[in-house]
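The values are calculated or read from the model by the stated rules, or taken from the named source; none is laboratory data. All of these numbers come straight from a predicted model, not from anything done at the bench. Cβ placement follows ideal geometry from the backbone for every residue including glycine, while neighbour counts extend to all protein chains displayed. Quick note on the areas: whole protein, heavy atoms, side chains included, nothing else; ligands and nucleic acids left out. Shrake-Rupley method; radii C 1.70, N 1.55, O 1.52, S 1.80 Å.
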Amino acid sequence: MSDDANDTDKPASSGRKPLTLKRNVAAGTVKQSFSRGRTKFVVVEKKRKRVLGKAAPEGNEATGEAATPEAEVKSDTAAKARALGLSEAEFLAREAAVEKAKAEAASREERTRIEAAERAKREQEEKDQLIAERKKREEEERQAVEAAERAAAEAAAEADVKASRPRVDRTPTVETPPGPDAALEKFGGRIKKKRVEQKPATRNRSEPKRRQGKLTIANILDGDEGQRQRSLASMRRAREREKERRLTGGAGDRDKVMREVVVPESITVQELANRMTERARDVVQFLMKEGDMKRPEDVLDADTAELIVEEFGHRVRRVAESDVEEGFLDEDDTEESLQPRSPVVTIMGHVDHGKTSLLDALRSTDVAAGEAGGITQHIGAYQVKLKSGDKITFLDTPGHAAFSSMRLRGAQATDIVVLVVAADDSVMPQTIEAISHAKAAGAPIIVAVNKMDKEGANSTKVLNDLLQYEVLTESVGGDVQAIEVSALKKTGLDDLVEAITLQAEVLELQANPDREAEGVVVESQIAKGRGPVATLLVKRGTLKRSDIVVAGTAWGKVRALMDERGQQLKEAGPSLPVEILGLNGAPEPGEPFAVVENEARAREITEYRERRSRQSDAGSSPSAVASLEQMMASLQEKNISEVTLVVKADVQGSAEAIKQAVEKLGNEEVRARVIQSTAGGITESDILLARSSNSPVIGFNVRASKQARELAEREGVEIRYYAIIYDLLDDIKAVLEGMLAPELRETFLGNAEALEIFNISKLGKIAGGRVTEGVVRRGSKVRLLRDDVVIHEGELSTLRRFKDEVKEVNAGQECGMGFLNYHDLQKGDRIECFDVTEIERKL
């Protein structure tokens with residue numbers, strides 16, 4: 001292929017030049033070669049960059065006057081401010097803040113760059129120093145090897161000289177007289193002589209052998225190696241031994257390196273040796289001398305490890321296993337770095353008092369219509385933008401009694417609590433509980449008296465009832481704001497928002513956005529197709545994509561950030577609730593989360609938390625019985641009837657609430673136990689677990705997969721679906737009540753006295769007596785009393801009057817009575833007749 005793009009005057013052999021008005025490109029031709037000897041010329045163009053001049057500023061066309069730069073800047077500022085809905089002063093203040101932030105970011109980048117340069121310089125100096133030391137060691141080794149090689153060469157030369165020295169022949173020689181040709185040879189002539197065949201020379205026994213200088217087995221056995229020179233393999237081995245001696249420090253010419261050894265609460269022998277840079281067998285030998293037989297994989301406690309480290313001459317630094325969490329949550333920020341943030345408001349109150357409907361009115365959406373039964377069953381986090389431009393983050397908590405832990409988490413993560421009380425229902429149990437949570441969290445309370453549009457609404461009664469729980473509103477001289485609202489008619493909402501804004505200004509809420517994010521987990525779930533999804537509330541810092549987040553025992557890199565409307569976000573600042581994807585599991589709601597520097601740090605923290613969780617679970621259920629009282633208690637506990645359940649819910653908070661509510665049911669005879677409560681759909685592993693434990697599977701707002709349903713049908717495992725927690729708890733309660741033993745209630749019927757005892761061959765002994773009180777019925781329960789002592793309790797099998805069998809005999813009449821499987825009757829015995837009624841018990 002050839003390129004002739006610079007020769008533009010020569011026409012191409014093939015191809016056409018493009019038709020242009022002005023040649024602003026450099027054209028040329030390129031020859032392309034193909035198979036079978038085909039060629040083709042194509043035209044190539046190289047576009048030149050066209051530089052366009054800046055347009056002159058336009059002036060005032062009407063007057064012909066040029067616009068001044070100050071006027072243009074002012075008009076642009078005013079236009080931008082109007083576009084953003086701000087005044088010029090606010091716009092200029094915002095621009096100044098942006099410029100200040102950019103300057104700070106630039107200074108941080110410059111500082112980071114300088115630190116990186118200094119660190120790189122230090123690393124390069126250390127690297128150069130290591131290279132110089134290595135070169136010095138190599139030079140010393142080379143000189144030593146050369147000296148050894150010279151010595152070996154000198155020894156070999158001496159051996160060669162001795163071997164090549166002429167041997168003195170001790171045998172007498174006979175001189176032969178010179179021949180006729182001797183004179184000619186003497187004067188330089190050459191006479192052709194007859195070739196004489198010579199015999200091979202014979203070797204004397206004392207003469208050294210030809211292979212004397214080489215190493216043979218015979219030489220080794222004889223020990224005669226005085227004339228043998230050193231081989232190259234031997235030199236190579238000596239060089240390797242010298243290098244190994246220098247690396248291991250076996251020569252003893254260097255001082256022992258003192259190291260600072262980190263000793264945790266438990267460590268293996270091998271790991272301790274590695275940290276000391278000692279051999280594990282040396283540590284094992286030291287322990288054997290101390291009388292402790294250990295292997296390298298055995299675990300040592302901290303005291304023993306400290307003794308070993310000190311014995312080997314190193315310094316010890318004791319650390320605890322919990323030290324891995326140090327620095328996970330940083331300390332408070334400085335006052336200079338704090339900036340105003342939006343308030344976090346939690347809506348709390350009794351069930352069905354209109355909390356979600358009130359939040360709907362503020363958000364102008366209909367969230368309550370999507371809730372099963374019209375009640376909230378998990379925490380919802382939303383951010384509302386007001387007409388003034390301010391933002392408020394709302395947390396909607398459930399009001400049902402089973403969701404007490406959710407209300408507690410909502411109160412802990414909030415700045416302000418809005419207590420919703422229905423005007424027609426006044427204070428209820430969950431209202432009292434919400435007040436307790438708010439006071440425990442130290443959050444200020446704003447009372448919202450809802451449902452003021454209903455008949456019989458009495459806000460004065462609500463405020464008076466709140467006085468019993470130390471909630472003093474402004475109408476009675478307190479500092480708690482009380483607002484009358486109607487979520488249905490959307491009245492009083494502006495007053496409520498104004499009260500929230502006023503309370504937020506009093507609190508002076510601030511946070512530092514220029515740092516790693518920290519916050520709290522609001523909710524978590526396992527979403528199909530997305531994996532673990534966690535709802536987080538950022539308290540301070542900024543959460544970004546690809547950040548490594550640790551929350552409880554779960555960690556992962558943030559793959560996606562979404563708000564409550566499902567819109568993707570690049571980052572989330574303080575007081576903003578977001579959903580994140582990328583965790584390796586669903587964290588427990590209420591757990592604090594933070595961003596860490598790398599995956600190794602995240603894995604270290606989560607592994608420690610998992611170990612601590614396993615240890616606490618193992619410690620909470622000891623297998624050994626320590627005393628006789630504990631043994632008796634465990635024997636009594638075995639008589640308790642138990643219902644085991646496998647619970648799967650849509651979110652982790654709901655699963656936790658169901659577990660707590662179900663386990664509160666029962667008494668000393670029956671109880672319910674949840675063996676697994678997780679978030680996500682029902683899978684085959686859940687069915688197998690339920691089959692092995694003989695438990696039903698409870699699905700709360702989730703469904704089973706096709707494979708799980710087929711497996712459940714084959715294994716006979718029952719799957720029950722629920723959408724409202726009321727129904728779930730009612731069914732579990734009914735099952736537990738059915739397991740209760742019924743209550744036996746006795747009904748007195750009458751008394752009879754045995755006047756005579758008759759012995760009948762086929763029936764045995766029959767008591768003939770008179771009914772003294774009430775009535776005696778056949779088939780009823782009887783007690784036989786002798787001297788006012790119960791000696792038998794059984795059933796009346798035979799009741800006769802004269803010779804006829806009768807059902808009952810009234811007072812004052814005589815009859816014959818026979819007992820089932822009992823014949824020890826005597827004259828004068830008193831017979832008490834009664835019925836037993838079974839009554840179902842309730843929890």
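With θ taken as phi - 60° and the Karplus curve 6.51 cos²θ - 1.76 cosθ + 1.60 applied, the whole-hertz 3J(HN,Hα) list for the range 825-837 is 10, 9, 5, x, 5, 9, 10, 10, 10, 8, 10, 10, 10 Hz, x standing for glycine and proline.
In this rough spin-label picture, where each label sits 7 Å from Cα along the Cβ direction, the Lys544-Glu793 distance is 8.0 nm.
Rolling a 1.4 Å probe over the protein heavy atoms gives the range 554-600 an accessible area of 45 Å² per residue. Think of each Lys and Arg Cβ as +1 and each Asp and Glu Cβ as -1; about the Cα centre, that makes the dipole of the range 667-726 roughly 160 debye.
Taking amide H positions as modeled 1.01 Å from N, with prolines and chain starts lacking one, the residues under 5 Å from Val44 and 5 or more places away or on another chain are Gly28, Thr29, Val30. Classification of the range 483-551 by its C-alpha gyration tensor yields an oblate form. The axis ratio a/c (a ≥ b ≥ c) is 1.5 or more, and b/c is at least a/b.
Annotation: amide H of Glu265 within the under-5 Å range of Glu321, sequence separation 5 or more or interchain, hydrogens built in the peptide plane. Karplus-derived 3J(HN,Hα) values for the range 32-43, using 6.51 cos²θ - 1.76 cosθ + 1.60 with θ = phi - 60°, are 10, 9, 10, 5, 6, x, 7, 9, 8, 9, 10, 8 Hz; glycine and proline are entered as x. Against the criterion of solvent-accessible heavy-atom surface with a 1.4 angstrom probe, Thr501, Thr542 sort, most first, into Thr501, Thr542. For Ser692, the solvent-accessible surface computed with a 1.4 Å probe is close to 90 Å², ligands and nucleic acids excluded. Give me the percent of Cα-Cα pairs in the range 801-843 that sit more than 13 Å apart, rounded to a whole number. Cα-Cα pairs of the range 801-843 separated by over 13 Å account for 73 percent. Heavy-atom accessible surface of the range 654-794, averaged per residue, reaches 54 Å², computed with a 1.4 Å probe. Centroid-to-centroid, using Cα positions, the range 519-567 and the range 281-338 are 35 Å apart. Spatially, the range 428-485 and the range 730-779 are offset by 59 Å when compared through their Cα centroids.
For Glu141, neighbours were defined as the other residues whose beta-carbon sits under 12 Å from its Cβ, and their charges (Lys and Arg +1, Asp and Glu -1) total +3.
Using Cβ point charges alone (K and R +1, D and E -1), the dipole size of the range 657-763 about the Cα centre works out to roughly 540 debye.
Ranked by the mean number of other Cβ atoms within 10 Å per residue, highest first, peptides 656-663, 813-820 order as 656-663, 813-820. Solvent-accessible area of the range 711-843 (1.4 angstrom probe, protein heavy atoms only): carbon and sulfur portion equals 46 percent.
Taking amide H as placed 1.01 Å from N in the peptide plane, the amide H of Thr491 sits under 5 Å from that of Ser486, each at least 5 places away or on another chain. The loop-placed GluC sites (Glu not before Pro) in the range 699-796, going by DSSP, that have at most 14 neighbouring Cβ atoms within 10 Å of their Cβ come out as Glu718. Does the range 78-135 come out rounded, prolate or oblate, given a ≥ b ≥ c as the square roots of the eigenvalues of its C-alpha gyration tensor, rounded meaning a/c under 1.5 and, failing that, prolate meaning a/b above b/c? Prolate, because a/c is 1.5 or more and a/b exceeds b/c. Here the Karplus relation 6.51 cos²θ - 1.76 cosθ + 1.60, evaluated at θ = phi - 60°, turns the backbone of the range 475-491 into coupling constants of 5, 10, x, x, 10, 8, 7, 10, 10, 8, 9, 9, 5, 6, 8, 6, 10 Hz, with x for every Gly and Pro. Against the criterion of solvent-accessible heavy-atom surface with a 1.4 angstrom probe, Lys803, Lys765, Lys528 sort, most first, into Lys528, Lys803, Lys765.
Using the alpha-carbon centroid of each, what span in Å lies between the range 797-843 and the range 575-619? So the two Cα centres are separated by 71 Å.
For the range 711-843, the Kirkwood radius over C-alpha pairs fed into Stokes-Einstein at 4 °C and 1.567 mPa s yields D = 73 µm² per second.
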